[in-house]
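One structure below.
What follows is calculated from the coordinates using simple rules that are stated; it is not laboratory data. A quick note: this is a predicted structure, and the numbers were derived from the prediction, not measured. Neighbour counts run over all protein chains shown; Cβ positions are idealised from the backbone, glycine included.
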Amino acid sequence: MGQLTESINAIIIQAQKAIEEERRAKDIKNDLVTNVAHDLRSPLTSIIGYLNLINTDHYRDEIELRYYTQIVQSKAERLHHLINDLFEYTYVQNKEILIIKEPINIEEMVNQLAV
């Protein structure tokens, strides 16, 4: 009976650890989503703000207009870069990498590299 109790206790402890690990993973994922949303919102807010200034003719001259459009372009490029990084991250996270262990002939490999 004592061994059965120990086995049940071990299973309970293992289940509690698995639940805690799942909770931590969920927290990390939520933090990631929050950070990504913030990082995407910042340049987008700037883009919207400057485009609003341009569309309502709130600029002094062509120089200031060009300045605003350069900021919009810069923020759009930043946003594009962040989105590409996000796609790359999700691709890497979802892709299984298969590593095949094979013996190699070091001498042959060095000779191929030397050519």
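Observations
- Local charge for Q70 was computed over the other residues whose Cβ lies under 12 Å away, with Lys and Arg +1 and Asp and Glu -1, and equals 0.
- For chymotrypsin sites (Phe, Trp or Tyr not before Pro), the sites in the stretch 7-115 that DSSP calls loop and that have at most 16 other Cβ atoms within 10 Å are Y59.
- Look at (i) 14.3, 42; (ii) 27.4, 88; (iii) 16.5, 48: the one that is Rg and Dmax of the Cα atoms in Å derived from this structure is (ii).
- Normalising the average separation of contacting C-alpha pairs (under 8 angstrom, six or more residues apart) by the number of residues puts the relative contact order of the chain at 23 percent.
- Springs between Cα atoms under 10 Å define the GNM used for the chain, and in it the highest mean-square fluctuation of D85, D57, D39 occurs at D57.
- Potential extension, T34-L53 segment - 0.36 nm per residue separation minus Cα distance: 4.0 nm
- Annotation: lysines with alpha-carbon distance below 27 angstrom to K75 (same-chain offsets under eight excluded): K29.
- Within the listed set I28, I12, I71, the residue fluctuating most in the Gaussian network model of the chain (springs between alpha-carbon atoms under 10 angstrom) is I12.
- Residue of L44, L82, L32 that the Gaussian network model of the chain assigns the largest fluctuation, springs spanning Cα pairs under 10 Å: L32
- The loop-placed trypsin sites (Lys or Arg not before Pro) in the stretch 26-95, going by DSSP, that have at most 13 neighbouring Cβ atoms within 10 Å of their Cβ come out as R60, K95.
- For K17 and N105, a Förster radius of 41 Å and the Cβ-Cβ distance give a FRET efficiency of 0.35, rounded to the nearest 0.05.
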